[in-house]
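Please treat every number below as a calculation from the coordinates, not as lab data. Remember, predicted model here, so these are calculated numbers, not experimental data. Backbone-built Cβ (ideal geometry, glycine too); neighbour counts: all protein chains shown.
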4 protein chains.
Amino acid sequence: MSDPFKQLRDALDQFATERDWDQFHSPKNLAMALTVEAAELQECFQWLTEAQSRELDEQQLAAVRDEIADVQLYLIRLAGKLDVDIEAACRAKMEKNVEKYPADQVKGSAKKYTHYQD
Amino acid sequence: MSDPFKQLRDALDQFATERDWDQFHSPKNLAMALTVEAAELQECFQWLTEAQSRELDEQQLAAVRDEIADVQLYLIRLAGKLDVDIEAACRAKMEKNVEKYPADQVKGSAKKYTHYQD
Amino acid sequence: MSDPFKQLRDALDQFATERDWDQFHSPKNLAMALTVEAAELQECFQWLTEAQSRELDEQQLAAVRDEIADVQLYLIRLAGKLDVDIEAACRAKMEKNVEKYPADQVKGSAKKYTHYQD
Amino acid sequence: MSDPFKQLRDALDQFATERDWDQFHSPKNLAMALTVEAAELQECFQWLTEAQSRELDEQQLAAVRDEIADVQLYLIRLAGKLDVDIEAACRAKMEKNVEKYPADQVKGSAKKYTHYQD
C-alpha cells in the first residue's frame, strides 16, 4: 500500500487518462521520452567538472531534482505499461551484478566495466 | 523503513564501497551512465512498431526488465549522491505537470507538449 | 580542400578559440554534448507515428534541420579533438557492416540486428 | 561529386535496399538509432577523467572511431530520408551560433550556455 512505485504508477495512469494520452504512450514512445529526459538531466552536468558536479548550488540542484523526477516518472510509466515490477527487477539485477563484479577482483578498477573492454 | 528507494540506495552504497568505486561515481559520471542505460533500454524497441512494443515476448521482456533495473539503479545512486528525495521530487513534478497541462485544454493532443512547439 | 568535414572542423576551432571554450571541450564533455543534441533531435519525433515522421511540415522540418546540424557540429568537433578522420572511419565501418550483415541472410529481417538477440 | 555526405548517403541507400531495410528506416526509428549510437560513443568516456579522455590509447581510439562512424552514418541516413542538406544546415547553424554567443560577451564562461540558466 505504501509502495511509492505503485502510488506513482496509479497517479500517472490517472494523469494520462484524464488527458487521453494513453494513445501516445506505447512502450516504444515512453522509452524514447525516458532517454530524452535522461539527456536533459545529463545536460545539467555537461560543462561542469566532476568536482563541480559534487557541489551544486541551490539553483542547479533544483533543475537536477526536476529532471530526476522526469526520468523516474517515465520509468514508472513504462514499467507500468509492461507490468514490470521495478523493485523486483532491481533486486534481481543487483544479485547479478554482485556475481558479475566480484569485489575482490574489480576493486578500484573502472576498467573492468568499461565498454571497449567487454 | 520499507521504502524501496532507501533500501536500494543503501544496497548500492555498500556495493560501491566494497569495490572502491565511489571514486568513479561523481554525479557527472553517474548522469552519463544513466543516459547510456536509458539508451540501451530504448534500443530494445527501436526496430519494433509501436504495436509490437506493446506485445513483447518473454525473451524481449526479460531484456527490457534488466535495462529498466539498470536505469533505476543509476537514478537512485545519482539521487543518493546529491541527497535528492526521489519520491518527493516526483510528487512535486506531478503537481507542476497538472498545472502545466490542464486536462480540458490538452485532451487528446500530443502537439501541446511536443518540443518544437514549446 | 573542398572537404566539408575539414572546413567545418576549422570553423569550429576558430569559434571555440574566439570564445576561449577549448577548456570545456574535452572529448568526454563533447561526447556528452553530442548525446544531448541527439536526444533533442529524437525529441522532435517522439510523439509522432512512424508515418507522421515521414511527412514533417515545414515548421517541424526546420526544427529537425537545426538539431541535425547540432549533432553534426559536435561530432566534427569531437573527431577533430581526437584526430579521427570521419570519412575514413565511415568507409571502414561500412565495409565491416557489409560483412556482418550479409544481404542474402538478413534480408527483410530487423531481428537480425536487434539488441537483445546479439 | 566528391562530397562525402552524398557519397555516403548513396552507399547507405544501396546497403539498405539490398537488405530490404527501408521498411525499418522511418525518420523516427533512425533518430532513435542515432541516439543509441551517440550513447555508445559516450560510454567509451564515462568512467574516464576529462584528462584521460584527451589521451586515449590505440585500443580505446579504435572503439571511439567505430562509434563516431556509427553516429555519422545514421545521421547521414536520417538526413537523406528527410532531404536535409547537412552541410548547408551546419553553415546556417554556425551563423546562428555566432550571433547567439557574441565572443566578447561569453568569453571563457561555460555558464552562458548551460541548460539551467537558459
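List the distances, in nm to one decimal, from the label point of D:Gln7 to the label points of the same position in every other copy, shortest first, placing each label point 7 Å from Cα along the Cα-to-Cβ direction.
1.6, 6.0, 6.2
Residues in the range A:43-80, backbone N under 17 Å from the label point at A:Asp3 (7 Å along the Cα-to-beta-carbon vector): list them, ranges by number please.
Correct set: A:73, A:75-80.
Treat each spin label as a single point 7 Å out from the Cα along the C-beta direction, and report the B:Gln14 to A:Asp13 distance in nm.
3.3
For chain B, just say rounded, prolate or oblate: build the C-alpha gyration tensor, square-root its eigenvalues into a ≥ b ≥ c, call rounded for a/c under 1.5, and beyond that prolate if a/b exceeds b/c, oblate if not. Write down the numbers at each step before the final one.
On the way: a/c = 2.10, a/b = 1.34, b/c = 1.56.
Oblate, because a/c is 1.5 or more while a/b does not exceed b/c.
Mind giving me the FRET efficiency for A:Asp83 and D:Asp85? R0 is 45 Å, r the Cβ-Cβ distance, nearest 0.05 is fine.
The calculated FRET efficiency here is 0.50.
With a 10 Å cut-off between alpha carbons and a GNM built on chain D, which of D:Leu75, D:Leu30, D:Leu48 moves the most?
With Cα springs under 10 Å in chain D, the top fluctuation among D:Leu75, D:Leu30, D:Leu48 is at D:Leu48.
Run the simple label-point estimate for C:Asp22 and B:Asn97 please: 7 Å along Cα→C-beta, distance reported in nm.
It works out to 4.5 nm between the two label points.
For the range A:51-64, just list the computed ³J(HN,Hα) in residue order, Karplus coefficients 6.51, -1.76 and 1.60, θ = phi - 60°, integers in Hz, with x standing in for Gly and Pro.
Each residue of the range A:51-64 in turn: 4, 4, 5, 8, 10, 6, 7, 5, 5, 5, 5, 5, 5, 5 Hz.
Among the listed pairs B:Lys93/D:Lys107; A:Lys81/B:Lys107; C:Lys6/C:Lys100; B:Lys28/D:Lys96; A:Lys107/C:Lys96; B:Lys81/C:Lys100, give every one whose C-alpha distance is greater than 32 Å. Please list the in-between numbers first.
On the way: B:Lys93/D:Lys107 35 Å; A:Lys81/B:Lys107 20 Å; C:Lys6/C:Lys100 30 Å; B:Lys28/D:Lys96 29 Å; A:Lys107/C:Lys96 36 Å; B:Lys81/C:Lys100 42 Å.
Result: B:Lys93/D:Lys107; A:Lys107/C:Lys96; B:Lys81/C:Lys100 exceed 32 Å.
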